[in-house]
């Protein structure tokens, strides 16, 4: 891409934003066209395709929920352990200050 001369940082930032917008727009248009073509040439009925898509999405979201739930449980456990550790350290410091 040829180097351009911009007379202000604002003009350069605006040009970059426009480039990103154009790239995103063309990608979305390409994906949409590809999806339509793929569905038109699909080897099975639309009803079956929709069932398959909804089943796959349901499985994906379900597994995502499960893994997220496990991560949250692990994080809560770690935080509880750290809280107990900090609490015991604070109790020791308070008792040392009182003595």
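The values are calculated or read from the model by the stated rules, or taken from the named source; none is laboratory data. Just so you know, these numbers come straight off a predicted model, no measurement behind them. Note that we place each Cβ from the backbone using ideal geometry, even for glycine, and neighbour counts take in every protein chain shown.
Table: residues versus (1) modelled with pLDDT of 90 or more; (2) within 22 Å of the chain's Cα centre (by Cα); (3) assigned to a helix (DSSP H, G or I).
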site: 17; (1), (2), (3): yes, yes, yes
site: 23; (1), (2), (3): yes, yes, yes
site: 34; (1), (2), (3): yes, no, yes
site: 39; (1), (2), (3): no, no, yes
site: 43; (1), (2), (3): no, no, no
site: 50; (1), (2), (3): no, no, yes
site: 58; (1), (2), (3): no, yes, yes
>> If residue 23 satisfies all but one of (1) more than 30 Å from residue 4 (Cβ to Cβ); (2) surrounded by 10 or more Cβ atoms within 10 Å (Cβ to Cβ), what's the number of the condition it fails?
In response: (1)
